[in-house]
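What follows is a short report on a single structure.
The values are calculated or read from the model by the stated rules, or taken from the named source; none is laboratory data. None of the values given here were measured: they were computed from a predicted structure. Reconstructed Cβ throughout: ideal geometry from the backbone, glycine too, with neighbour counts over all protein chains shown.
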Amino acid sequence: MQSNFTKTGFPFEWKDIYNPDQAELEELAILHHLPKGAVIDCMQSEHLPKYEAFEDYHFIIVRFFDNACDANSDTIQKLTRKVAIFYNEHFILSIHRSESVFIKKVAEKYAHNKHVQHPFDLVCKLIKNALETFESPIEKMEEEIDFYESKVFLRKKVPDLLKHLYIIKRRSSVFKKLNSIIGKVIENIHQSHRRNTFYEDLKDYHLHLETDTDDLHENIQQLLNIYISLASQKTNEVMRILTVFSAFFLPLTFIVGVYGMNFQWMPELQVQYGYPAVMVFMALVTLLIFQWFKRKNWL
């Protein structure tokens, strides 16, 4: 088990532990009288944010953005990591798989903050800082949307454009879903605690992040719809041109087909000026079709 272990400077005890094995988790459960099943389950990577209240402890799982994730990652498990937090009136235990920058940031920033007097105050700060990890990728995706939007409207070719837009859409959906789930967690924790400035600050930031994720998801949806509409419009334009050519050549092909039949008794074949007459007739048909199309505004 690796750990920064007891965080000093707080008026309560905070143990931060990362990368424990199952035996060490069981030991922690016994040492701090924690629900054994919850302690073991907290290391399973697929858990979504949640809140549970036990007899002597409150249990929260939050997820934060993983800056080391692959560029094509588009699922909750691949894009984020989780932190499990157990706390009561006098104690906090945070458990996660690897060292987390945002946890170090909280420890350094609030260790000697005289306003942080209760474990719940620190829990609010931990959740808020976990949410703040999503701010940078959201800003990056907004910049990517602006970039691809200009390319789409200017009809410039971008390699794998649809793939990039799809990944942004998937990521925005993940962020929107996570933000919705953590919103329910935030609503639930205040029912077991007094409201304070830390909680209100957390709630305000969550609302800000919710607005950003909603805007991001809406923008990428609109850009995808525009891209698909423009692609359809381009296809329709090609089909329109092919249809116009077909309309011109179809009657001419019919005329050529008629006179290409090998019947012996075809009077027109014996006429001296039959060939130029047919050519003039074909030109007249073409002119009539052109005038008809112009009148209908199809050209």
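Would you be able to say whether some residue in the stretch 209-216 is under 30 Å from residue 150 (Cα atoms), in contact (Cβ under 8 Å) with a residue 12 or more places away in the chain and in contact with a Leu (Cβ under 9 Å, 6 or more places away or on another chain)?
Among the residues of the stretch 209-216, at least one is under 30 Å from residue 150 (Cα atoms), in contact (Cβ under 8 Å) with a residue 12 or more places away in the chain and in contact with a Leu (Cβ under 9 Å, 6 or more places away or on another chain), which makes the answer yes.
Quick check, is residue 225 in the same structural domain as residue 127 (by TED's automatic domain parsing), in a helix (DSSP H, G or I) and either surrounded by 13 or more Cβ atoms within 10 Å (Cβ to Cβ) or in contact with a strand residue (DSSP E or B) (Cβ under 9 Å, 6 or more places away or on another chain) (or both)?
Numbers: in the same structural domain as residue 127 (by TED's automatic domain parsing): yes; in a helix (DSSP H, G or I): yes; either surrounded by 13 or more Cβ atoms within 10 Å (Cβ to Cβ) or in contact with a strand residue (DSSP E or B) (Cβ under 9 Å, 6 or more places away or on another chain) (or both): no.
For residue 225, the condition - in the same structural domain as residue 127 (by TED's automatic domain parsing), in a helix (DSSP H, G or I) and either surrounded by 13 or more Cβ atoms within 10 Å (Cβ to Cβ) or in contact with a strand residue (DSSP E or B) (Cβ under 9 Å, 6 or more places away or on another chain) (or both) - is not met.
Counting only residues that are surrounded by 12 or more Cβ atoms within 10 Å (Cβ to Cβ) and in a helix (DSSP H, G or I), how many does the stretch 111-138 have?
Of all residues in the stretch 111-138, those surrounded by 12 or more Cβ atoms within 10 Å (Cβ to Cβ) come to 111, 113, 116-135, 137-138.
From what is left, the residues that are in a helix (DSSP H, G or I) are 119-132, 135, 137-138.
Total satisfying the criteria: 17.
May I ask you to verify whether residue 157 is of a type in the set (Lys, Arg) and more than 30 Å from residue 84 (Cβ to Cβ)? Step through it out loud before you land on a result.
On the way: of a type in the set (Lys, Arg): yes; more than 30 Å from residue 84 (Cβ to Cβ): yes.
Yes.
Identify the residue in the stretch 202-252 that is of a type in the set (Ser, Thr, Tyr) and over 23 Å from residue 141 (Cβ atoms) and, among all such residues, is farthest from the chain's Cα centre (by Cα). Outline the logic, then answer.
First, the residues of the stretch 202-252 that are of a type in the set (Ser, Thr, Tyr): 205, 211, 213, 227, 229, 232, 235, 243, 246.
After this cut, where a residue has to be over 23 Å from residue 141 (Cβ atoms) as well, the list is 232, 235, 243, 246.
Details: 232: 24, 235: 28, 243: 40, 246: 44 Å.
The residue in question is 246.
Can you pull out every residue in the stretch 255-270 that is loosely packed, with under 11 Cβ neighbours inside 10 Å and either assigned to a helix (DSSP H, G or I) or at pLDDT 85 or above (or both)?
Quick first cut of the stretch 255-270, residues loosely packed, with under 11 Cβ neighbours inside 10 Å only: 257, 260-265, 267, 270.
Of everything in the stretch 255-270, those that are loosely packed, with under 11 Cβ neighbours inside 10 Å and either assigned to a helix (DSSP H, G or I) or at pLDDT 85 or above (or both) turn out to be 257, 267, 270.
List the pairs whose first member sits in the stretch 219-248 and is under 20 Å from residue 148 (Cβ atoms), whose second member is of a type in the set (S, T, N, Q) and part of a helix (DSSP H, G or I), and whose Cβ atoms are under 6 Å apart, counting only residues at least 6 apart or on separate chains?
From the stretch 219-248, the pairs are 220/172.
So in the stretch 271-293, with the set limited to residues that are of a type in the set (Ser, Thr, Tyr) and part of a helix (DSSP H, G or I), which one is nearest to the chain's Cα centre (by Cα)?
Initial filter on the stretch 271-293 (of a type in the set (Ser, Thr, Tyr)): 273, 275, 286.
After this cut, where a residue has to be part of a helix (DSSP H, G or I) as well, the list is 275, 286.
On the way: 275: 67, 286: 53 Å.
Top of the filtered list is 286.
Which one of these does residue 227 not meet: (1) aromatic (Phe, Trp, Tyr); (2) more than 25 Å from residue 154 (Cα to Cα); (3) in contact with a helix residue (DSSP H, G or I) (Cβ under 7 Å, 6 or more places away or on another chain)?
Every listed condition holds for residue 227 apart from (2).
Quick check: anything in the stretch 200-212 out of contact with any Gly (no Cβ under 6 Å at 6 or more places or on another chain), on the phi < 0 side of the Ramachandran plot and at pLDDT below 85?
No: the stretch 200-212 contains no residue that is out of contact with any Gly (no Cβ under 6 Å at 6 or more places or on another chain), on the phi < 0 side of the Ramachandran plot and at pLDDT below 85.
Select from the stretch 8-26 the residues that are free of Cβ contacts under 8 Å to residues at least 60 places away in the same chain and in contact with a helix residue (DSSP H, G or I) (Cβ under 8 Å, 6 or more places away or on another chain) and write down the one among them that is nearest to residue 39 (Cα to Cα). Give the derivation first.
Residues of the stretch 8-26 that are free of Cβ contacts under 8 Å to residues at least 60 places away in the same chain, as a first pass: 21-24, 26.
Add one more test, that the residue is in contact with a helix residue (DSSP H, G or I) (Cβ under 8 Å, 6 or more places away or on another chain), and what stays is 22, 26.
Working: 22: 9, 26: 7 Å.
Among residues in the stretch 8-26 that are free of Cβ contacts under 8 Å to residues at least 60 places away in the same chain and in contact with a helix residue (DSSP H, G or I) (Cβ under 8 Å, 6 or more places away or on another chain), the one nearest to residue 39 (Cα to Cα) is 26.
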